[in-house]
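Structure first, commentary second.
The values are calculated or read from the model by the stated rules, or taken from the named source; none is laboratory data. Quantities reported herein were computed from a predicted structural model and do not represent experimental measurements. With ligands, DNA and RNA removed, areas are computed over all heavy atoms of the protein, side chains included. Shrake-Rupley method; radii C 1.70, N 1.55, O 1.52, S 1.80 Å.
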Amino acid sequence: MKIGVLALQGAFREHRDLFERLGAETTLVKLPEHLEGLNGLVIPGGESTTMGKLLREYDLLHPIQGLGQEGFPLLGTCAGMIVLAKQIVGAPEPHLALMDITVNRNSFGRQRESFETDLDIPVIGADAFPAVFIRAPHVEAVGEGVEVLARYHDRVVAAREGNLVALSFHPELTDDDRLHQYFLDIVENA
Ligand code: GLN
């Protein structure tokens, strides 16, 4: 399995290290040609407006969009969730516009900039997942084909639609590799 990690901006190194620990081959994606031969791609956390701008500047937006439309597995974490979404509250236009979710940016930020909490995510097992939220978005609405994977105080913070997975939090900043393994399983079955 060869997993690409979008490396324009943000927390990409931690994703790469975690996938390598799980035995996957990884590539840092900065140019369109780096997408060749990949089995899946991660859009990391960072700042979604900047990432969207860089995706356009580096001619990566349309190639990744095309892959996603063909069923290529994509994992978006935090800003990556925003980049995957079809609707962003208050934004004039989305970025990749692949996943049928409406996201609200910075939804936990007013109360607390960042925090860690134990989340119940049944698809990865019974043990709680230590989820790190950093100025995190949440999913305000989901389309029909979207499976909700986890909620935090009634807010959707993890979802899946086909081979697309979006997480509000940063699983790459913990030692728990179950969500990365969950994505690798999707990649293997794609
Ligand atoms: N709030 C940021 C954004 O809107 C995302 C924060 C993060 O990725 N940790 O892009």
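Beyond 20 Å in Cα-Cα separation lie the following of the pairs Lys2/Lys30; Lys2/Lys53; Lys53/Lys86: Lys2/Lys53.
For the stretch 44-190, the relative contact order is 23 percent, taking Cα pairs closer than 8 Å that sit 6 or more residues apart in sequence and dividing their mean separation by the residue count.
Determine the per residue accessible area of the chain with all protein chains present and a 1.4 angstrom probe, expressed in square angstrom.
I get 45 Å² per residue for the chain.
In order along the stretch 14-29, the Karplus-derived 3J(HN,Hα) couplings, from 6.51 cos²θ - 1.76 cosθ + 1.60 at θ = phi - 60°, round to 5, 5, 4, 4, 5, 5, 5, 4, 7, x, 8, 7, 10, 9, 7, 9 Hz, and Gly and Pro are given as x.
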